[in-house]
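Heads up, the thing below is written out as structure tokens.
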Amino acid sequence: MSPTFGKCYDPTGARYGIPTYPWRLAPDGLATRRQLRAQGLRPGGQPVAAQIMRRNCRRGGVQVAYLYPLTGAKPVRPMTPGRRAALDRAMTARRTCPNCLTDAGYCIPISLGMCVTCAYPEGTDSR
Ligand SMILES: [Zn+2]
């Protein structure tokens with residue numbers, strides 16, 4: 001174990017207050033905010049569980065990244081059945097013609113305010 005490794009390795013948190021691991025040696029079940037993001041997750045409001053530390057001798061400092069438990073992570077954009085249903089209803093409303101009350105199969109143009117068939121009952125050829 002190198003001296004640098006030893007300074008960064010504090011799994012009990014005795015030295016740094018929270019469990020600290022060397023860079024790239026984080027235990028399973030923990031992920032940085034960036035790693036969570038790559039999986040479409042975000043910290044679910046739980047406190048930082050640990051940190052990973054990298055000493056950069058040339059720059060004379062240390063870099064630290066906080067680790068969050070994967071078990072409490074939440075999806076970035078939760079798509080619940082309720083939200084999906086609301087979205088579907090909104091889309092159906094936008095597709096339904098207020099004149100003939102049928103689903104036009106496309107979003108009703110705001111400029112017409114009704115489906116194209118109602119707006120031009122004679123068809124587009126009769127000018
Ligand atoms: Zn219509």
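The values are calculated or read from the model by the stated rules, or taken from the named source; none is laboratory data. Predicted model, so just to flag it, every value in this text is computed and none were measured. Note: ideal-geometry Cβ built from the backbone for every residue, glycine included; neighbour counts use all protein chains shown. All accessible areas refer to the heavy atoms of the entire protein, side chains included, with ligands and DNA or RNA removed. Shrake-Rupley method; radii C 1.70, N 1.55, O 1.52, S 1.80 Å.
In table form, for the structure just shown:
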item	result
Accessible area of the chain belonging to carbon and sulfur atoms, whole % at 1.4 Å probe	54 percent
Range of Cα positions in the chain per principal axis (Å), largest first	86, 33, 18
For the chain, size of Cβ-based charge dipole, Lys and Arg +1, Asp and Glu -1, in debye	900 debye
Solvent-accessible area per residue, Å², over the chain with all protein chains present [probe radius 1.4 Å]	73 Å²
Normalised contact order of the chain, rounded percent, pairs of Cα under 8 Å and 6 or more residues apart	17 percent
By average C-beta atoms within 10 angstrom, highest first, the peptides 30-37, 86-93	30-37, 86-93
Beta bridges per DSSP with both ends in the chain, % antiparallel, nearest 5	80 percent
